[in-house]
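The values are calculated or read from the model by the stated rules, or taken from the named source; none is laboratory data. What you see is a predicted model; the values in this text were computed from it and never measured. Glycine also receives a Cβ, built like all others from the backbone with ideal geometry; neighbour counts cover every protein chain displayed. All accessible areas refer to the heavy atoms of the entire protein, side chains included, with ligands and DNA or RNA removed. Shrake-Rupley method; radii C 1.70, N 1.55, O 1.52, S 1.80 Å.
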Amino acid sequence: MSHQPETWRWGDDTSRLVMALDRGDFLAIPTESSYGLAADPRSATGVASVFRFKGRPPEKPLPVVLGDLAQLTLLGGDPSASELAELRTLWPAPLTVIVPIRRPLPASAGASSLAVRIPAHRRLRSLLLALNRPLTATSANPAGREPVSKLVDLHRLLAAWPAIILDDGDLPGGLASTIVQWTTDGLVVLREGAIDRKWLQAKVSQPVFSAATAEISADDPAEPL
C-alpha cells in the first residue's frame with residue numbers, strides 16, 4: 001500500500017534517523033548535486049533495501065560518504081593509507097576514491113575495497129558526524145533513470161517505501177562526483193565528473209590517466225553521486 005515517506009528537517013532530533021538505520025531502512029540524503037540513498041554500509045538489511053529500490057544487482061558495491069576521514073576506521077579502512085596521502089587534502093569535494101578495507105562489508109559487495117568521499121555539503125558532513133556513522137550515497141533513482149534533485153520527484157519515487165527524506169529543498173543538479181583509484185602507474189580516473197582530470201593533475205604528483213587509457217575496469221558500480 002502506498003504511503004508518504006517521513007520527512008526530517010535540519011535541527012530535528014536525529015534519534016529517528018538512528019532508529020531507521022538500525023532497523024535496516026534507508027534515508028534520502030542531500031549531496032552537492034542530487035539526492036542519494038543512505039543506509040548503514042555495515043547493515044546487510046539496509047544495503048539490501050537500497051538495492052531493491054534501485055533494481056540493481058547486489059554484487060555491485062555502493063559508494064560511501066564520510067563526515068571526516070576518521071570515520072573510515074568504522075569501515076575497516078586506514079585514514080593514513082597511501083591511497084589517501086595526496087587526495088585527503090582535496091576533500092571535502094565531489095571526489096570519490098577507492099580505498100582498501102580490512103574485510104568486505106555489505107556495501108562493498110564482497111570486495112575488500114570501498115569507494116568513499118567527504119562530500120562538499122557542510123550540513124551533510126555535520127549530520128554524518130552527529131550520527132557517528134558513514135552512509136551509502138548511491139543516487140536516489142531506479143537503475144537507468146536520471147538522478148533526482150527535486151523534492152516533489154523524490155516524494156513520488158519513495159511513496160511506497162519506508163524511507164525518511166532529509167529535506168534540503170530542491171538541489172542544483174549537475175555532474176556527479178569524479179571517481180578515482182591509485183595504481184602502480186598513477187591515479188586513474190574511472191569516471192570524470194564534477195572534478196576534471198586536468199585539475200587533478202595539477203594537484204597530485206603522480207601521472208593522472210583516464211580509464212580509457214589505463215588497464216583497469218571503468219564499470220560504474222552503483223551510480224554514485
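Numerical summary
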{"quantity": "Full-extension gain in nm, residue 45 to residue 196, via 0.36 nm per residue minus C-alpha separation", "calculated": "50.8 nm"}
{"quantity": "Computed helical MRE - 222 nm, the chain, DSSP H runs ≥ 4 contributing -39500 (n - 2.57), nearest 500", "calculated": "-5500 deg cm²/dmol"}
{"quantity": "With every protein chain in place, the stretch 154-211: carbon and sulfur % of accessible area (1.4 Å)", "calculated": "51"}
{"quantity": "Reported label for calculated mean projected area of the Cα convex hull in nm² given [x] 11.5; [y] 19.2; [z] 14.0", "calculated": "[x]"}
{"quantity": "Solvent-accessible area, 1.4 Å probe, carbon plus sulfur percent, for the stretch 1-140", "calculated": "52"}
{"quantity": "Alpha carbon centroid spacing (whole Å) that separates the stretch 131-154 from the stretch 1-78", "calculated": "9"}
{"quantity": "Inter-site label distance for residue 12 and residue 82 at 7 Å from Cα along Cβ, in nm", "calculated": "4.6"}
{"quantity": "Among 96, 31, 183: highest mean-square fluctuation, GNM of the chain, C-alpha pairs under 10 Å", "calculated": "183"}
{"quantity": "The stretch 98-177: trypsin sites (Lys or Arg not before Pro) in DSSP coil with no more than 15 other Cβ atoms inside 10 Å", "calculated": "102, 145, 150"}
{"quantity": "Accessible surface, the chain, averaged per residue in Å² (probe 1.4 Å)", "calculated": "44"}
{"quantity": "Whole-Å semi-axes of the stretch 106-225's equivalent ellipsoid (Cα gyration tensor)", "calculated": "29, 16, 16"}
